[in-house]
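Colleague: Dropping a structure here in structure tokens format, bear with me for questions.
The values are calculated or read from the model by the stated rules, or taken from the named source; none is laboratory data. Remember, it's a predicted structure, so these values are computed and weren't measured experimentally. Cβ: placed from backbone, ideal geometry, glycine included. Neighbour counts: every protein chain shown.
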Amino acid sequence: MSKEKVKIIIPIAFGWVDTALSSRGELREYLRRYGHRRLLFGSDFPFGSPSNELHKVYSLDLDPEAEAAVLGGNFMRLQETRESGLHS
């Protein structure tokens, strides 16, 4: 009997996740379930390669708005909410 690897993505209120060391399949599943608004680019350097992680995000073929959000826009929005004390 073979064991099947099961991954569970648990939505957490006000939670943010990053792309570091996730597979393309895991990222696609996250995006399908939760959208791009709380996904941050990450490389996990020095354990991951920033270049490889960036190419992985590009390979997702996101629309320009979603790609810009993941590659920096979401981080900027997170910083703005932290500075203002709001959670969005």
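Colleague: Just name the residue that is modelled with the lowest pLDDT out of those in the stretch 3-40 that are loosely packed, with under 15 Cβ neighbours inside 10 Å and either closer than 17 Å to Ala68 by Cβ or in contact with a His (Cβ under 8 Å, 6 or more places away or on another chain) (or both).
Modeller: So, considering only residues that are loosely packed, with under 15 Cβ neighbours inside 10 Å and either closer than 17 Å to Ala68 by Cβ or in contact with a His (Cβ under 8 Å, 6 or more places away or on another chain) (or both), the one modelled with the lowest pLDDT is Phe14.
Colleague: Mind checking whether some residue in the stretch 62-74 is among the hydrophobic types (A, V, I, L, M, F, W, C), within 14 Å of Ser23 (Cα to Cα), touching a strand residue (DSSP E or B) at 6+ places or on another chain (Cβ under 9 Å) and without any contact (Cβ under 8 Å) to a residue 40 or more places away in the chain?
Modeller: Looking for residues that are among the hydrophobic types (A, V, I, L, M, F, W, C), within 14 Å of Ser23 (Cα to Cα), touching a strand residue (DSSP E or B) at 6+ places or on another chain (Cβ under 9 Å) and without any contact (Cβ under 8 Å) to a residue 40 or more places away in the chain, one finds none in the stretch 62-74, hence no.
Colleague: Also, I was wondering about something else. Looking at the stretch 15-28, which of its residues are part of a loop (DSSP other than H, G, I, E, B) and among the aliphatic types (A, V, I, L, M)?
Modeller: Passing the criteria: Ala20, Leu21.
Colleague: Report whether or not Leu31 is among the aliphatic types (A, V, I, L, M), within 11 Å of the chain's Cα centre (by Cα) and not in a loop (DSSP other than H, G, I, E, B).
Modeller: When the stated conditions are applied, Leu31 passes them.
Colleague: I've got another one for you. Please go through the stretch 44-81 and give me each residue that is surrounded by 15 or more Cβ atoms within 10 Å (Cβ to Cβ), modelled with pLDDT of 95 or more and assigned to a loop (DSSP other than H, G, I, E, B), ordered by number.
Modeller: Across the stretch 44-81, the qualifying residues are Leu60, Leu62.
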